[in-house]
Amino acid sequence: MNHFEVLDGELACEGVPLRAIAEAVGTPVYVYSSATLERHYTVLRDALVAEGLGDPLIAYAVKANSNLAVLRTLGNLGAGADTVSIGEIKRALAAGIPPERIVFSGVGKSESELRFALEVGVGEINVESEPEMHLASRVAQSLGRRATIAIRVNPDVSAGGHAKISTGKADNKFGVSFSEAERLYVQAANNAGLNPVGVTCHIGSQITELAPLEEAFIKMRGLVERLRAGGLHVERLDLGGGLGVPYFNMPTPASPADYAAMIARTMKGLDIQFAFEPGRMIAANAGVLLATVQHIHERPEGRRFAVLDAAMNDLIRPAMYDAYHDIRPVKARDAAPVTYDVVGPVCETGDTFTRDRDLPPLEAGDLVAFMSAGAYGAVMSSEYNSRLLVPEVLVKGDEFAVVRPRPTYEDMLERERPAPWQALLKTRS
Ligand SMILES: *Cc1c(COP(=O)(O)O)cnc(C)c1O
């Protein structure tokens, strides 16, 4: 469920007509719904609590949508943060998320990143390999600390989603095998710079079926039990994120209630603190990308293009993952649908949002919304083609606020400068 509904004949976000935002801020622009973000977080938390899974740490995966206002919305509800860089840790802290609720993940953490994470006191560092674990130990010891770590295991299951976002097979770069995890855990327990508290896995993204998650979780439970049988202390089991969202023409994903029930079933009787790292399921359907139709361009071959002012630099998911986004006119004409290729203005054919899509008839100047664009949308935007970085707006009830303004062209140019030897050249007039 989300809070993008038709209100007085036009698409609105909560109580704010999208047209009002387009008029005030211009397009393209991302629009997020506070109520939807809050609802998705609360539904998951309540489902986990209702299944008796204790007081889980829900560390929202910052990479899905890292806007400070979004993080603050979730942090205020008690969410933690799953982070993968210094920048993301800084964002989580700036949004008021306490360091003990921050998880630091990622395959290639550098020495300086680990030092920063230890200095600010993040709650858990998920180590993904043996060299990384030893680096964490060295850095911690140089600071006179012990790093609180969880070992990331690659459970070797295939999980739906797109190949670029599947992470749980033995042949991809994430995590260690179960036998390696046991060996590393023993090493860590005997290492003066390390405090191993648990194990973690994350098998992929946009997973719609519970079976692969369940398969992975059963294996994770087995690992916890083997470690404990060996006298090791394991207090936390971090089950990652990855639960999919409905992208309209996609298989309907398992609900948070089914997900929680599956975990309760597979973990029955295991006394442990659970952690989760959901990203997409919290943010995706809480955001839209709002754009304006520039032209309707009909080609003699019969193709009809709706050319928008939004482009692949603003929303790269269709070009990068063949992702499907529902496209809804803000005010739909009551007429038979017409078939369009919906494209952006960037100079490459990859800048195609969709082909052969039946939509209500469109005209230049119409506003359209890409639905389910709240996750992996703005965070992956760029200035490709020297287009200004797309702004972001947060709605709450009848109010909206620009939470990332559109930069100016001066802002864009000021970040760069000529090389010293070029300063002598005269600029051509
Ligand atoms: C990307 C990622 C997540 C979030 O995945 P979603 O599919 O957005 O839920 C969680 N944990 C880790 C380690 C990740 O890399």
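Within the set Lys173/Lys219; Lys173/Lys396; Lys63/Lys219, which residue pairs have Cα atoms separated by over 31 Å? Over 31 Å apart, Cα to Cα: Lys173/Lys396. The distance between label points at Val186 and Asp326 comes to 5.3 nm (points 7 Å beyond Cα on the Cα→Cβ vector).
The alpha carbons of region 177-218 give a radius of gyration and a Dmax of 13.9, 41 Å, in that order.
Of the residues Ala50, Val176, Ala335, the one whose Cα sits farthest toward the positive end of the charge dipole of the chain, with +1 on the Cβ of Lys and Arg and -1 on the Cβ of Asp and Glu, is Val176.
How about region 260-342: which trypsin sites (Lys or Arg not before Pro) there lie in a loop by DSSP and see at most 11 other Cβ atoms within 10 Å? Kindly include the intermediate steps, with their values, before the conclusion.
On the way: sites: Arg265, Lys268, Arg280, Arg303, Arg304, Lys331, Arg333; in loops: Lys268, Arg303, Lys331, Arg333.
Loop-located and lightly packed - Lys268.
The Cα-based radius of gyration and maximum Cα-Cα distance (Dmax) for the chain are 23.4, 77 Å. Mean separation of Cα pairs under 8 Å and 6 or more residues apart, divided by the residue count, gives the chain a relative contact order of 19 percent. Restriction of the GluC sites (Glu not before Pro) in region 207-289 to DSSP coil positions whose beta-carbon has at most 15 other beta-carbons within 10 angstrom yields Glu209, Glu235.
Report the percentage of all Cα-Cα pairs in region 278-429 whose separation exceeds 24 Å, rounded to a whole percent. Cα-Cα pairs of region 278-429 separated by over 24 Å account for 42 percent. With the helix formula -39500 (n - 2.57) applied to DSSP H stretches of n ≥ 4, the chain reaches a computed 222 nm mean residue ellipticity of -8500 deg cm²/dmol.
How big is the equivalent ellipsoid of region 34-282 along its three axes, where each semi-axis is √(5λ) from the Cα gyration tensor, reported in whole Å from largest to smallest?
On the way: eigenvalues 136, 94, 55 Å².
Sorted largest first and rounded, they come to 26, 22, 17 Å.
Solvent-accessible surface (1.4 Å probe) assigned to Thr42 amounts to roughly 40 Å².
Report in % the part of the accessible area of region 34-282 that belongs to carbon and sulfur, leaving out ligands and nucleic acids; probe 1.4 Å. Mind dumping the intermediate values first?
Details: 4800 of 9340 Å².
Summing carbon and sulfur atoms, their accessible area is 51 percent of the total for region 34-282.
Given a 1.4 angstrom probe, what's the average accessible area per residue across region 191-317, in square angstrom?
On the way: 4460 Å² over 127 residues.
I get 35 Å² per residue for this part.
The values are calculated or read from the model by the stated rules, or taken from the named source; none is laboratory data. These numbers were taken from a predicted model, which means no experiment stands behind them. Using ideal geometry, Cβ is built from the backbone for each residue, glycine included, and neighbour counts are taken over all protein chains shown. Areas reflect the complete protein model, heavy atoms only, side chains present, ligands, DNA and RNA absent. Shrake-Rupley method; radii C 1.70, N 1.55, O 1.52, S 1.80 Å.
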